[in-house]
1. Taking beta carbons within 10 Å but only from partner chains, what does the mean come to for residues A:276-286?
2. Please report the buried accessible area for the interface of B with A, total over both chains, probe 1.4 Å, in Å² to the nearest 100.
3. Given C-alpha coordinates of the range B:101-164, what is the ratio Rg to Rh with the Kirkwood estimate of Rh?
4. With all protein chains present, how much of the accessible area of the range A:424-472 (probe radius 1.4 Å) comes from carbon and sulfur, to the nearest whole percent?
5. Under 19 Å from the 7 Å Cα→Cβ point of B:K355, by amide nitrogen: which residues of the range B:118-160?
6. From the square roots a ≥ b ≥ c of the eigenvalues of the alpha-carbon gyration tensor of the range B:424-472, which class results: rounded (a/c under 1.5), prolate (a/b over b/c), or oblate?
7. Can you compute the charge dipole magnitude of the range A:35-412 about its Cα centre, using +1 on each Lys and Arg Cβ and -1 on each Asp and Glu Cβ, nothing else charged? Give it in debye, rounded to the nearest 20.
8. Take the solvent-accessible surface of the protein heavy atoms, probe 1.4 Å, and return the percent of it on the range A:127-275 that carbon and sulfur atoms account for.
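The values are calculated or read from the model by the stated rules, or taken from the named source; none is laboratory data. Treat the numbers as computed from the prediction; the structure is a model and nothing was measured. Cβ placement follows ideal geometry from the backbone for every residue including glycine, while neighbour counts extend to all protein chains displayed. In case anyone asks, the SASA skips ligands and DNA or RNA and just uses the protein heavy atoms, side chains included. Shrake-Rupley method; radii C 1.70, N 1.55, O 1.52, S 1.80 Å.
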There are 2 protein chains.
Amino acid sequence: LDYQHVQVPFEITLWIMLASLAKIGFHLYNKLPSVVPESCLLIFVGLIMGGIIYGLNDRSPPVMDSDIFFLYLLPPIVLDAGYFMPSRPFFENIGTILLYAVVGTIWNVFGIGFSLYGICQVRAFRLQDVSLLHNLLFGSLIAAVDPVAVLAVFEEIHVNEKLHILVFGESLLNDAVTVVLYKLFRSFCEMPTIKSVDVFAGVGKFFVVGLGGVLVGLSFGFTAAFTTRFTKDIRVIEPLFVFLYSYLSYLTAEMFHLSGIVAIIACAMGMKRYVEANISLKSHTTVKYFMKMWSSVSDTLIFIFLGVSTIGENHEWNWPYICFTVIFCLVWRALGVLVLTFFVNRFHVNTITSKDQFIIAYGGLRGAICFSLVFLLPEFHRKKLFIAATTVVILFTVFVQGMTIRPLVDLLAVKRKRESAPTVGEQIHIRFLDHLLAGIEDISGHWGQYYWKDKLEYFNSKYLQKILLREYDQPKSSIVLLYEKLERKHAIELAEAGQLGHGPAHPSLLGPAFLCSSNDRTVRTDQKLEDTQNPDILDNMQEILARNLYRIRRTGPAYNRHTLPGESEPSEHAKEILILRHKSL
Amino acid sequence: LDYQHVQVPFEITLWIMLASLAKIGFHLYNKLPSVVPESCLLIFVGLIMGGIIYGLNDRSPPVMDSDIFFLYLLPPIVLDAGYFMPSRPFFENIGTILLYAVVGTIWNVFGIGFSLYGICQVRAFRLQDVSLLHNLLFGSLIAAVDPVAVLAVFEEIHVNEKLHILVFGESLLNDAVTVVLYKLFRSFCEMPTIKSVDVFAGVGKFFVVGLGGVLVGLSFGFTAAFTTRFTKDIRVIEPLFVFLYSYLSYLTAEMFHLSGIVAIIACAMGMKRYVEANISLKSHTTVKYFMKMWSSVSDTLIFIFLGVSTIGENHEWNWPYICFTVIFCLVWRALGVLVLTFFVNRFHVNTITSKDQFIIAYGGLRGAICFSLVFLLPEFHRKKLFIAATTVVILFTVFVQGMTIRPLVDLLAVKRKRESAPTVGEQIHIRFLDHLLAGIEDISGHWGQYYWKDKLEYFNSKYLQKILLREYDQPKSSIVLLYEKLERKHAIELAEAGQLGHGPAHPSLLGPAFLCSSNDRTVRTDQKLEDTQNPDILDNMQEILARNLYRIRRTGPAYNRHTLPGESEPSEHAKEILILRHKSL
């Protein structure tokens, strides 16, 4: 037995396996996930695992490594979030989101930090040795809303899109603020004296970290799009580039101390439309599927590790400090949302209702980012107290707030997400209004969002598309593209409806319209296929196959590293099919 | 700048990126890959990279780590090979393959080992200090044909399927023999005296290592199939299980000193048919695509690293030893193939022609496995000589043999792979003959391959399918399944043919048969769609869309971690489509 040799990959694989099996387990019983959010269940599994490890080894189970979290577990989730980000509501509310993310987070950091310092002055609590700077440092890590936790809860409660994007966008974009404040306070803690220059440098850093992240992300995104122009002959490695470039953007941003989360989101949003146009349909399915799979596993692992890391002896249970932390987190967030929304509502026609405000405040869940940051703190005598407080805040927000938010949404009758997408008519009108508003803004000299959007679209179609897209001979109208996409989907569904025909469940549906063809012969044979079990029609089988199997002559059983069987030259096949159809008609 | 923090993932990503870009680069010029195999080009890129690193640092570039090779780079390639292995020719020739893999490899090991020992006795070469045991150890690592190198060359020359599977199968299955002999000789080198018991134990190990690998692989494969029974509600992590279980089988086999390659092949071949039946179509596309992508990248990295590692100062250039190694590798392989094929041909009607024998002997390429094994040798004073000899053998086989094998195949007019798959008639006759031969074998009491195949099929449909498949209510005849699969493919192609209609290239093909429907209205509108550029028909667009866009009402713009948009309830949609079609007829 040579365990050491394979230890690293073996244990990683086993952890991922455990996470996946836990996920399957929850979904086997449909009632459980509808009451308790999956994140709670996963933390619970982690707690049990941690308890077992603690019981067997008699020492604290290993804590989630911060490097592993930031370098390997977080990027897939953020990439997924950025790639599937609904861009219209995001950009429509970008101002509000930035206000919450930047001003709101700063408000929370200083609010929590100063009020905790006040608590530390109460002699009875025996906390006088915690300095103001340490409290502010703690505030900077505990204030930020966590995108992983927010996603895990909000994607299950289906609130209206604006509310969702406000909370979710804030949780993503506050990373830049958190990074700056956390690093600022940490370096202040190590400095003997703090000059006012340092404070101003810190303020300037916000812009560098945030905008730098956006720049890094966009440049990698456009490079990715440009690279996929040249993958026509080697389709099989196309999905790789999407992952490689976005990961590189994250790592590069981290390397320069910029915001990696902002970078990867900018990269994903920047490359999406160009990459989608360049790569093949199958590659795109793979990209989407793998992104979902990866983020799903990462997310599961994070919550399980959170649970495992909670068990152990690295906590200092000073209950007054911990309880006041929880209370201040709730209070300052609620106050911040109220004040900021007051200003936002003064400048918008479409105001944020008080119900929505409540959900925004209540949805400020904390998660694994705080947890990783608190372990990255430099060693000092009260670190264990901070770890305990962070753990309690996370567990409180995920369990109590996460489990009660769904009943609250029901109780308050918060506006839900509309079940259906806008109709074609609505879409046409929305586009018409966009152009109209862009024109009005242009005339009135007010450079608002419609003006900029119009300019961006012009720049995109004039320059970017020509550089980044492979086939840019004739720009198809988006309505034609949509039609093509729907026809393709339709065709697949029809084929699968044909497949349904073999089940006994819906015999009434399988009339002569079966399989989209009114060609008599085909219909007759299709109907025969439905009752394949009858032995008397098996002799007709060969005839059917001989007529329909134009395709099998073409698939070779070759093994090839770079292509999947039957992938080559779809246009060739399509031509042949059309010729055959011609003849048969 | 904080490079150290992100160094590991950053450098890994950069290497993969380099590999992918190199691949794209070769495919941009179509002429190059048709003359020089990709493996040679990649080694060449590696040599240049190595030269640059050597020139800049003035010391040997880092050598490919054997652990990285065996734990991370090799498994994806072998998994891909096993999953896409054409099972019929493999099992038809399993006897011959095993003969080549086991007896042939032993023959080569001892042949090369003893004759190199003979060379060492020549006083002029100054090699008397290399013992017989060391020569045998060297023989055991240099004798084995490498699956990665063989695949890279043979998938480009398209020889007939039997010849391909003989060389490829041998290269995969000889792993068990190589593992045993290499470890045996290595432990003999460290023992003071060798007892005859040890030699017998070594012989017994062959069976343990090989059969143990098969057992480990099959048990993981069946577990994987069983797991995918329960993933119906959480489709997005289905592909994960295929990768996790096969990787676990490899690691487990390595842990117990069994053959990891044999295990992962058994796992892939065992799970394939059950997993394919259980998982969704999209998951399956993802599995196939990702496997190809991964193996393609691994393979590229291996050849680049091979090139990089060649540059440097860890070689001892004793030319007589090196030249004789190359000659003996060629001679002993040719002799082995001749002798073994003589026996094989006596027992088979379908003999291996002398041309095929030549290609089998000539196709015995060495690659990264030898290279990794030679670096794993314990330190002794002639290790650098062995490294030099291995490097030269690999470069000679990959460059000289790899580049000349295609012209030789042309020159000898070796039977090529048939371009088309067997017709339905042929397939039916093949199946009929299988049943017939199984019956004859049963009657005559000869338990040959047909008898066992029949028994296996019976066992499969009686027990395995019931346990491992999700929907096992009514076993569909394979001909019906094939029909369904073809209809689905057909539907997609038709939709894509509709897409072709917008290109100006083949207007003659786009008659009234367009889009598989003889419904007059649809045809009329489809024809209109062809010339979208005409502005006068744009007003008809809305009508078309209103009639065809039954689907868009259903897609919600939701963001969800676990599902892709538009994935839910295909049966619902299918029903609706059928009802709509009913009405329109």
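1. Going residue by residue through A:276-286 and averaging, the value is 3.
2. Accessible area lost upon association: around 13800 Å².
3. 1.17
4. Carbon and sulfur atoms account for 66 percent of the accessible area of the range A:424-472.
5. Answer for the range B:118-160: B:154-160.
6. Details: a/c = 3.91, a/b = 1.43, b/c = 2.74.
Note, shape of the range B:424-472 comes out oblate.
7. Working: 25 positive and 25 negative charges, 107 e Å.
Once rounded to the nearest 20, the dipole reads 520 debye.
8. Working: 3230 of 4650 Å².
The C+S portion of the solvent-accessible surface of the range A:127-275 is 70 percent.
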